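Some notes on the structure that comes next.
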Amino acid sequence: MPSPAKSTTATVIPALMYSDCPAAIEWLCKSFGFEKHAVYPGEGGTIAHAELTFGNGMIMLGSAKDDGYGKLVSTPAPLGNANTQAPYLIVEDADALYRRVVKAGAEIVRELNDTSYGSREFTCRDPEGYIWNFGTYDPWAVHKA
């Protein structure tokens, strides 16, 4: 059966809602190295929609709201900072990014370490409670024929 995926840069793009989306955008760019691809302001200082890139990957985000979609997703805070998904971002230098993230004040929830599968990685929590994993493990490279 042929794949329904479109042939494009990235076909899986996580979407996140933030209580203070403008602050989250700035923090994600400063701390993790995301770049603003598109930011569409909403009413009252909110963000209707934003797209941030990281290499050839992307996340989409917006301000949390109490609408139809907002009832389907949640920020971590009402869930006791629990996350049901946690992005993994492939990096060239986990040590350098770790230092940058610590300097930005991220909560480190899994220290920088070397894994049995050859990755150097760590896990942190952003100011609104989302979990982010960073490491050098590249499943695309490992599984090449």
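Okay, here's what the table says:
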| read-out | value |
| --- | --- |
| Top of 20, 66, 93 by mean-square fluctuation, Gaussian network on the chain, Cα under 10 Å | 66 |
| Within straight-line cross-link reach of residue 103, lysines at Cα separation under 23 Å, skipping those fewer than 8 residues along the same chain | 30, 36 |
| Per-bin percent of Cα-Cα distances, region 60-145 [10 Å] | 15, 41, 28, 15, 2 |
| HN-Hα J in Hz across region 54-62 - Karplus 6.51, -1.76, 1.60, θ = phi - 60°, x for Gly and Pro | 9, x, 9, x, 8, 10, 10, 8, x |
| For region 66-71, 3J(HN,Hα) per residue [Karplus equation, 6.51 cos²θ - 1.76 cosθ + 1.60, θ = phi - 60°, Hz, x = Gly/Pro] | 9, 10, x, 6, x, 7 |
| Mean accessible surface per residue for region 1-107, computed with a 1.4 Å probe while every protein chain stays in place, in Å² | 63 Å² |
| Karplus-derived HN-Hα couplings along region 87-100 (A = 6.51, B = -1.76, C = 1.60, θ = phi - 60°), whole Hz, x at Gly and Pro | x, 10, 10, 7, 10, 6, 10, 5, 5, 5, 5, 4, 4, 4 |
| Cα centroid of region 82-145 to Cα centroid of region 8-61, whole Å | 18 Å |
| Ranked order, 130, 40 - accessible area, probe 1.4 Å, largest first | 40, 130 |
| Measure of compaction for region 53-102 (Cα Rg per 2.2 N^0.38 Å) | 1.50 |
| Normalised contact order of the chain, rounded percent, pairs of Cα under 8 Å and 6 or more residues apart | 20 percent |
| Acute angle (nearest 10 degrees) that the helix 21-32 long axis makes with the longest principal axis of the chain, alpha-carbon atoms | 20 degrees |
| Portion, in percent, of the accessible area of region 70-141 that falls on carbon or sulfur, probe 1.4 Å | 53 percent |
| Surrounding net charge for residue 10, when Lys and Arg each add one and Asp and Glu each subtract one, Cβ distance under 15 Å | -2 |
| Principal axis box of the chain, alpha-carbon based, largest edge first, Å | 47, 45, 27 |
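The values are calculated or read from the model by the stated rules, or taken from the named source; none is laboratory data. All of these numbers come straight from a predicted model, not from anything done at the bench. As a convention, Cβ positions derive from the backbone with ideal geometry for all residues, glycine included, and neighbour counts pool all protein chains shown. Side chains are part of the model used for accessible areas, which takes the heavy atoms of the whole protein and leaves out ligands, DNA and RNA. Shrake-Rupley method; radii C 1.70, N 1.55, O 1.52, S 1.80 Å.
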